[in-house]
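The values are calculated or read from the model by the stated rules, or taken from the named source; none is laboratory data. A quick note: this is a predicted structure, and the numbers were derived from the prediction, not measured. Here the Cβ positions follow ideal geometry from the backbone for every residue, glycine too, while neighbour counts run over all protein chains shown.
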Amino acid sequence: MKKYNVRKIVRGNVSGEAIVLPGSFSFLGDVDMNTSEIIAADSPERGKLIKDKILLYKDTKGSSGGMVVLMTMARKGIAPKAMAAVKPVDYNLAEGAILTKVPFVCEPDGDILNEIKTGNIIELNSDEGYIKILK
């Protein structure tokens, strides 16, 4: 089982299905806040739901509105289970993750966007600072 060390942002330990977005991601404009469906025209995962998935992406694009979208999704019970960004964290999104208690990490020490595939089962442990591929 491959293990990646990560920078801890919001505490939590979850396991679940990964959804991997190879590019930049914004909650404001790339996801439907009423359904959790990825609606970004350029996303290879367009049409998939992020509800209860562990979302892996390159970096955050957009504005502070993403925090509001994440909070709205959490209130509706359709937020991702956890999130991991390859680049340093966007502070607005980190604030949303803190308020919604969505575990969040960034800056893994490996190439998670190419080595983890959508559908893999992974563990994201931001208490101890790692992501592990389970299957």
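Can you name every residue in segment 16-40 that is closer than 17 Å to Pro108 by Cα and of a type in the set (Gly, Ala, Ser)?
Ala18, Gly23, Ser24
Being assigned to a strand (DSSP E or B) and either modelled with pLDDT under 90 or closer than 15 Å to Met71 by Cβ (or both) is the filter here, so list the residues in segment 18-33 that pass it.
Matches in segment 18-33: Val31 only.
Restrict the check to segment 113-122 and report whether at least one residue is closer than 21 Å to Tyr4 by Cα and small (Gly, Ala, Ser).
yes
Taking interchain pairs and intrachain pairs at least six residues apart, which have beta carbon atoms under 7 angstrom, with the first residue in segment 40-68 and buried (at least 22 other Cβ atoms within 10 Å of the Cβ) and the second basic (Lys, Arg) and part of a loop (DSSP other than H, G, I, E, B)?
Lys53/Lys81; Ile54/Lys81
What single numbered condition from (1) among the charged types (D, E, K, R); (2) crowded, with 22+ Cβ neighbours inside 10 Å; (3) touching a Pro at 6+ places or on another chain (Cβ under 8 Å) fails to hold for Asp30?
Failed condition: (3).
Between Val14, Val89, Val105, which is touching a residue at least 60 places away in the same chain (Cβ under 8 Å) and in a loop (DSSP other than H, G, I, E, B)?
Exactly one residue qualifies, and that residue is Val89.
Of the conditions (1) over 21 Å from Ile121 (Cα atoms); (2) in contact with a Ser or Thr (Cβ under 8 Å, 6 or more places away or on another chain); (3) loosely packed, with under 15 Cβ neighbours inside 10 Å, Gly23 clears all except one; give me its number.
(1)
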